[in-house]
Amino acid sequence: MTSLPDDTLIERVAGGDADAFSVLYRRYERPVFAVLLRLGGQRALAEEWLQEAFTRVWLAARSHDPARGQVKPWIYAIALNTARSELGRKRHRTPHVSLDAAEMDLPDGAAGEPSLAARLDAAKRAQALADALLELPDYLREVVVLRCSRELSFAEIAEATGSPQGTLKSRFHRAMLALRARLGRGEADGQ
């Protein structure tokens, strides 16, 4: 069943097939979680949103219309809507990258792993990027996260967000300029 295409799986889920849902969940759990983590900035929050999003997928499977789009952007749309509604209510905005999450254990020099100093520098850059990303307005952050961390095409992002591709490309460009400005300012400030 794990080799079945998304369209077949969602049809089975619509019919109440829990095994098909499990396959679909396992297929999209990690990438959707990564998007939600980037959008919300907190692991516990992203886990909560992930469960809510997939509950909605289960409940709304019958409403998926293959003529209106593929399953993948549909799932991302549900996840985005879950995050949007929660962010609108609570406005959660805290960084999500911690030293623990960055796995700061000692390197194995024989295996060619980077030094601890290099890993700390990378963690610092990742934190600066995460902070800068969280400063963006939601509509700009969404397109950056979907395009860069999930590598969705602008067509897939358009399908998931309901925004025209041209608008998304413009938002992406504006977001990249804002991130470059913020990260450049951080370097000038000694961050």
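The values are calculated or read from the model by the stated rules, or taken from the named source; none is laboratory data. Just so we're clear, the structure is a prediction, and the values are computed from it rather than from any experiment. Heads up, the Cβs are rebuilt from the backbone with ideal geometry, glycines too, and the neighbour counts pull from every protein chain shown. These accessible areas exclude ligands, DNA and RNA; they are computed on the full protein's heavy atoms, side chains included. Shrake-Rupley method; radii C 1.70, N 1.55, O 1.52, S 1.80 Å.
Among the residues of the range 133-144, the ones that are among the hydrophobic types (A, V, I, L, M, F, W, C), in a helix (DSSP H, G or I) and more than 15 Å from GLN42 (Cα to Cα) come to 3 in all. Consider GLU142 carefully, then state whether it is surrounded by fewer than 12 Cβ atoms within 10 Å (Cβ to Cβ) and modelled with pLDDT of 70 or more. Criteria not met by GLU142. Note on the range 55-73: among residues that are free of Cβ contacts under 8 Å to residues at least 12 places away in the same chain and hydrophobic (A, V, I, L, M, F, W, C), the one that is most open to solvent (accessible area, probe 1.4 Å) is LEU59. Residue count for the range 59-84, restricted to those that are under 24 Å from ASP138 (Cα atoms) and assigned to a helix (DSSP H, G or I): 14.
Just so you know, in the range 43-54 the residues that are in contact with a helix residue (DSSP H, G or I) (Cβ under 9 Å, 6 or more places away or on another chain) and farther than 13 Å from ARG84 by Cα include one that is most open to solvent (accessible area, probe 1.4 Å), and it is ARG43.
Of the set (1) at pLDDT 70 or above; (2) over 20 Å from PHE33 (Cα atoms), all apply to LEU133 but (2). Filter the range 3-29 for residues that are open to solvent by 60 Å² or more (accessible area, probe 1.4 Å) and in contact with a Leu (Cβ under 9 Å, 6 or more places away or on another chain) and give the result. Once the filter is applied, which keeps residues that are open to solvent by 60 Å² or more (accessible area, probe 1.4 Å) and in contact with a Leu (Cβ under 9 Å, 6 or more places away or on another chain), the range 3-29 yields ARG12, ARG27, GLU29.
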